[in-house]
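Heads up: the structure comes next, in structure tokens.
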Amino acid sequence: MRLRADDALVVVDIQYDFLPGGNLAVAGGHEIIEPVNRLARRFANVIQTQDWHPAGHISFASSHPGLAPFQTIELPYGIQVLWPDHCIIGTKGAQFSAALDIPHVQAVIRKGYRETIDSYSGFLENDHKTSTGLAGYLRERGLKRLFVCGLATDFCVAWTAEDGIEMGFETVVIEDATRAIDTAGSLDASRTRMDAMGVARIKIADLL
Ligand code: VGL
Ligand code: ZN
């Protein structure tokens, strides 16, 4: 696949809490770090997202007495999966892995910092209304095609890719540069949604 000047690589949430040993560890999450470093060298434009929650965040099971991680609840903006406490502002778990080697990253979009709304997508919080500013940033820079990788396939990667399409960007997920949480069929469901919306799916080898 030939890359263009208006392409950007979006590296989603490669933070310690999503890596083995972290509070919301994604199986095999560490395996994508070297491939992502290699991919990033092919891109002039690289953006990272960072899950960034205050203590007591509404998405934490610990904020809902009697409920456990991976159960779901109904919130004003829809169904919310409850998670272990993770990516709390100021903690090691919220930091990017030191093994990431992307010195030319141009912007970091933080998300999920409002206590009462979760945000999987790099574009919109889970109310599907509150903007992170990413679409405006990309548009002002004339970036039109997004390649998305990172963690986790079925939550922050998929929701970012779906919103990318919705916001008018050509959007491609580099599947083997992601790893999934896969709770209650979430990985299959996310693939079905991405296919229906026109998110393209490719492999690392298509770019290297
Ligand atoms: C994520 C669950 C909760 C992700 C973030 O990065 O996919 N998943 N917060
Ligand atoms: Zn989160």
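Read-outs throughout are calculated quantities, based only on the coordinates presented, and are distinct from any laboratory measurement. Note that this is a predicted model, so its numbers are computed, not measured. Cβ: placed from backbone, ideal geometry, glycine included. Neighbour counts: every protein chain shown.
May I ask for the Kirkwood hydrodynamic radius of segment 133-208, worked out over all distinct Cα pairs and given in angstroms to one decimal?
Values: mean 1/r = 0.0797 Å⁻¹.
Every distinct Cα pair counted, the radius reaches 12.5 Å.
Rg and Dmax of segment 17-98, based on Cα coordinates, read 15.2, 48 Å. Note on segment 16-56: Cα-only Rg and Dmax are 12.8, 39 Å.
Label 7 Å along Cα→Cβ of Arg114; segment 34-69 residues with amide nitrogen under 13 Å? Residues passing the 13 Å test: 58. The phi torsions of segment 179-187, fed into the Karplus equation with coefficients 6.51, -1.76 and 1.60 and a -60° offset, translate into couplings of 9, 10, 7, 6, 10, 6, x, 5, 5 Hz, rounded to whole numbers, with Gly and Pro shown as x.
What ranking do 152-158, 107-113 get when scored by the average of other Cβ atoms within 10 Å per residue, highest first? Kindly include the intermediate steps, with their values, before the conclusion.
Values: 152-158: 27.0, 107-113: 19.6.
Descending packing order for the listed peptides: 152-158, 107-113.
Available extension along the chain between Ala99 and Glu34 is 22.6 nm, counting 0.36 nm per residue and deducting the alpha carbon span.
May I ask for the Kirkwood hydrodynamic radius of segment 103-175, worked out over all distinct Cα pairs and given in angstroms to one decimal? About 12.5 Å, per the Kirkwood formula over Cα pairs. Each Lys and Arg contributes +1 and each Asp and Glu -1, all at the Cβ; summed about the Cα centre of the chain, the dipole is approximately 660 debye. Express the Stokes-Einstein translational diffusion coefficient of segment 58-203 in µm² s⁻¹, to the nearest whole number, given a Kirkwood radius over alpha-carbon pairs, 25 °C and a viscosity of 0.890 mPa s. It comes out at roughly 151 µm²/s. Separation of segment 159-208 and segment 79-100, taken as the distance between their Cα centroids, equals 21 angstrom. Within a straight-line Cα-Cα reach of under 13 Å, Lys111 can be paired with the following aspartates and glutamates, leaving aside sequence neighbours fewer than 8 residues apart in one chain: Asp13, Asp51, Glu125, Asp127.
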